[in-house]
Amino acid sequence: ISYDIDTINGSLSHDAVQMMTTVITVVGALSMMVRISRQLVLVFAFTVPLSIFMTRQITRRTRPLFRVRSASLGELNGYAEEMVTGKETLAAYCREESTIRTFEEKNGEATKAGYRADYYGNIVGSCVNFVNNLSLTLISVFGALLYLGGFLTVGHISSFVLYSRKFSGPINEFANIIGELQSSLAAAERIFLLLDERAETADEAQGVEVLDCRKGEVDFEQITFGYEPGRPVIRDLSLKAPSGALVAIVGPTGAGKTTLINLLMRFYDANQGRLLVDGRPVKSVSRASLRANFAMVLQDSWLFNGTVYENLAYGSKNATRADVKRAAQMAMADEFIEKLPQGYDTVLTED
């Protein structure tokens, strides 16, 4: 996505300005050519539609190539970032050679996709340049005939040719820009796919309340849920976690343990059934107040760039240093933290 954003940024900062310059130059040159000879201007009534037709036909075939190039580069960048981030695991399992081979394959695919897209994308400029040269030839021929008929002077023809170059040159540049815009449009499609992803459903407009959890009792009542429509992963589940009880949910990978927590925190909503906390349906309270009543340790812990203290106090605005230390003691982490170079003030890098 970062590559796609850079592509669009470069297009807007360079191509958009050049397109405005092109429009102004073309309009000015056309107005002068009309003043010199309306008959010769009719040449462009043939060549300009021909240029537009050729550009449309070529870009219609090249845009899918730019989509493939953008997707290939995104896949390559994602794979490289993933391997660099997990380099310790990669080395621990001696997967260096396999990783290099996979990277070379993905890099080769991205190179081929980029070559095909650029090769066919640059054909647009060449074709339009050919049509522009054709228009210059036609102007010379018809201009000579008009001169022989006494309708134009040599000076008029010379001026018209110069203005036609001013007219055709920006059109050729615009055709080259069209080729570059194909890459930007492909990048924009990927970005809008991300932007158009549905966010969390909004809290109910009516009757949304603030949850103040007193007991901590959780009820799953005949819950059915699936990440994809028509493919439930949990069917008709009923479960009660009484207040003050220690409840463990165990099972093999994929059994739905994390899914239950996702439902409890309302990262997803159940397709059927009800989920209650202290007897209140979770859909009747705001997500913010629901999540504020939980302390959650995720399966994949994320460490922010900051001190140990700041990471431990994250999510609690009023946590004092004594509160953090007491929590660390309860988690049997205090002794380890105190052995760090600066104890609770030791700075942790990102992740």
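The values are calculated or read from the model by the stated rules, or taken from the named source; none is laboratory data. Since the structure is predicted, the reported quantities are computational estimates derived from the model, not experimental observations. So basically every Cβ, Gly included, is an ideal-geometry build from the backbone, and we count neighbours across all protein chains shown. Ligands, DNA and RNA are stripped out before the accessible areas are found, and what is left, the full protein with its side chains, is counted by its heavy atoms. Shrake-Rupley method; radii C 1.70, N 1.55, O 1.52, S 1.80 Å.
Close Lys pairs in the chain (alpha-carbon distance under 18 Å; sequence gap of 8 or more, or different chains): 5.
Among G108, T55, Y314, flag the residue with its Cα farthest along the positive direction of the charge dipole of the chain, charges on Cβ as +1 for Lys/Arg and -1 for Asp/Glu. My answer, from the dipole projection, is T55. Each Lys and Arg Cβ is given +1 and each Asp and Glu Cβ -1; about its Cα centre, the chain then shows a dipole of about 1480 debye. Note on F46 and E189: their simple-model spin labels are 3.6 nm apart, each label 7 Å out from Cα toward Cβ. For region 231-314, with all protein chains in place and a probe radius of 1.4 Å, 56% of the accessible heavy-atom surface sits on carbon or sulfur.
Of the solvent-accessible surface of region 52-168, computed with a 1.4 Å probe and all protein chains present, 60% belongs to carbon and sulfur. The listed residues I234, I261 rank as I261, I234 when sorted by accessible area, largest first, using a 1.4 Å probe.
Specify whether the C-alpha gyration tensor of region 306-348 places it in the rounded, prolate or oblate class, a ≥ b ≥ c being the square roots of the eigenvalues: rounded for a/c under 1.5, otherwise prolate if a/b is larger than b/c and oblate if not. Oblate is the answer for region 306-348, as a/c is 1.5 or above yet b/c matches or exceeds a/b.
Here the gap between F130 and L276, fully extended at 0.36 nm per residue and compared with their Cα-Cα distance, gives a gain of 45.4 nm. The HN-Hα couplings worked out from phi for region 228-234 by the Karplus form 6.51 cos²θ - 1.76 cosθ + 1.60 (θ = phi - 60°) are 10, x, x, 10, x, 9, 10 Hz, whole numbers, x standing for Gly and Pro.
Recomputing semi-axes √(5λ) of the Cα gyration tensor in Å from the coordinates shown identifies the correct label among [x] 31, 22, 19; [y] 66, 25, 21; [z] 42, 23, 21 as [y]. Once backbone amide H atoms are built at 1.01 Å from N, V233 has F225, G226, Y227 as its partners under 5 Å, excluding neighbours fewer than 5 places away on the same chain.
The listed peptides 102-109, 296-303, 61-68, ordered by packing as a protection proxy, come out as 61-68, 102-109, 296-303 (highest mean of other Cβ atoms within 10 Å first). Ranking W302, A248, P170 by how far each Cα lies toward the positive end of the dipole of the chain (charges on Cβ) leaves P170 at the top.
By the combined test of axial Cα extent (at least 30 Å) and Kyte-Doolittle hydropathy (mean at least -1.0), the qualifying DSSP H helices of the chain come to 16-36, 44-85, 123-148, 154-195. Taking the Cα centroid of region 77-124 and of region 136-171, what is the distance between the two, rounded to the nearest whole Å? Value for the Cα centre distance between the two parts: 53 Å.
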